[in-house]
1. Let me know the shape class of the range 102-210, please: from the alpha-carbon gyration tensor, a ≥ b ≥ c as square roots of the eigenvalues, rounded when a/c is under 1.5, otherwise prolate if a/b is greater than b/c, or oblate.
2. Quick one: Debye curve from the C-alpha atoms of the range 250-319, no solvent, what's log10 I(q)/I(0) at q = 0.13, 0.20, 0.27 Å⁻¹?
3. With unit charges on the beta carbon (Lys/Arg positive, Asp/Glu negative), name the residue among 24, 353, 311 whose Cα is farthest towards the positive pole of the charge dipole of the chain.
4. With Cβ to Cβ distances under 13 Å as the rule, what net charge do the other residues near residue 282 carry (K, R +1; D, E -1)?
5. How charged is the neighbourhood of residue 342? Take every other residue with its Cβ under 10 Å from the Cβ of residue 342, and add Lys/Arg as +1 and Asp/Glu as -1.
6. Net charge near residue 260: determine it from the other residues with C-beta under 14 Å of the C-beta of residue 260, scoring Lys and Arg +1 and Asp and Glu -1.
7. Distance in nm between label sites at residue 123 and residue 214, each 7 Å beyond Cα in the beta-carbon direction?
8. Can you give the calculated 222 nm mean residue ellipticity of the chain, where each DSSP H run of n ≥ 4 adds -39,500 (n - 2.57) and the sum is split over every residue, rounded to the nearest 500 deg cm²/dmol?
Amino acid sequence: MGARANGSSASKSESHKRNLLLQTLHRKGGASRLQMARELDISNSRVCDLIEEMIAEGLLLEEMVGNDRRGRRGVVVRLNPAYGQLIGFDMEAKRFRMVVTDFAGKILWQHRQALKPPRSRQKLIEEIGGFIDQAMGEVRSKFHQPIAVGVAASGVLDLKKGQVLHYDMLPYATDLPLRDLVASQVQLPCVMENNIRAMTLAEWVNGAGKGMHTFLCVAVRSGVGAGLIINGRLRAGKHGLCGEAGYMVLPDGPDSSKWKNLQQTISESALEIDVDADRWVLSEEMARHSGEILGSQLASMAAIIDPEAIVLAGEMLQPAGPVWPHVVSTFNEHALAELAAHVRILPAQTGPFGAAVGVAHRALYEAFPMAVV
């Protein structure tokens, strides 16, 4: 996927610098040459050369903004929105979502559809194929420069193979080669990512985590998942399983064989609520119980990670909803006092399409990867 970005004559080191520069500008939105040189610890002259190359290729644009201290207008460099489009597809147990963003990350189009409980593996594959076919028909009629597709999925994934290994909320997805199924239909380069890690990336680029170096994003949707930014990097873990918070066990009673995990206790599926309905209801007792469980688990996570903030995503965790106050009060009660005083609990800002947007960003980064040097 990186051939278009790197050029055949570029060394790994130069390719790394180019793509590091591009990815950083994508997250920042725009910056001056001097700002980028200082932030990336690359010489100003080299940054200027790289930017000039990328402007000539159409990857970047420069614009005059404001005035500096000497009364001259400053020059800001940013990604060229017209260079091409990125597509993000998000599949969870109850719904499909798809977005198209421009090259700079702005949403141009979005669509979602309920996923009916499939009666067989073949029916699930047919539903996925039908959604992709219908959505891509509309995408192709509206946009003419798609670069790549990101595929976000729930469950335990093998990202190298592009497979859903298993997903408790969708049993027929076991060993599903989702990335290849999508790639065969869209005929574009595809990359796969866990959907909550993808959502975390979206929150880092243009949401509640923008500008942070270490934060945790936890989402309650059909299941429960998390994503983690540590020291300015999205973490996948040694085996690609970082963030599987839904499998955190909740000890309850003497018989450990009957203990449940977060996913089986506080997810939309476990609570049997449909947040896509015009009106959904959760009793005060269930809201309190769910909020206390999640708040206590967040206190434990914070003690290990020491984040700047914890971002909460999913319709169930809206600040005006019934669960939010119980999460916050329980976290403040049980977290290490010094953490409770400094770690902010923030609502996600990227909305229900956050994972689809984030995996479109992920497709961009895979198209312009940073080489190991």
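The values are calculated or read from the model by the stated rules, or taken from the named source; none is laboratory data. This is a predicted model, so every value here is computed, not measured. Reconstructed Cβ throughout: ideal geometry from the backbone, glycine too, with neighbour counts over all protein chains shown. When the accessible area is computed, the model is the full protein with side chains, heavy atoms only, and any ligands, DNA or RNA have been set aside. Shrake-Rupley method; radii C 1.70, N 1.55, O 1.52, S 1.80 Å.
1. Values: a/c = 1.75, a/b = 1.24, b/c = 1.41.
Since a/c reaches 1.5 but b/c is at least a/b, the shape of the range 102-210 is classed as oblate.
2. Reported log10 I(q)/I(0), two decimals: -0.46, -0.98, -1.33.
3. The Cα lying farthest towards the positive end belongs to 24.
4. Values: positive: 279, 288; negative: 268, 272, 274, 284, 285, 315.
Neighbour charge sum, excluding residue 282 itself: -4.
5. Numbers: positive: 344; negative: 306, 308, 338.
It works out to a net charge of -2.
6. Working: positive: 258; negative: 168, 252, 255.
With Lys, Arg at +1 and Asp, Glu at -1, the net is -2.
7. 4.8 nm
8. Values: 13 runs with 146 residues, N = 373.
Calculated at 222 nm, the ellipticity per residue is -12000 deg cm²/dmol.
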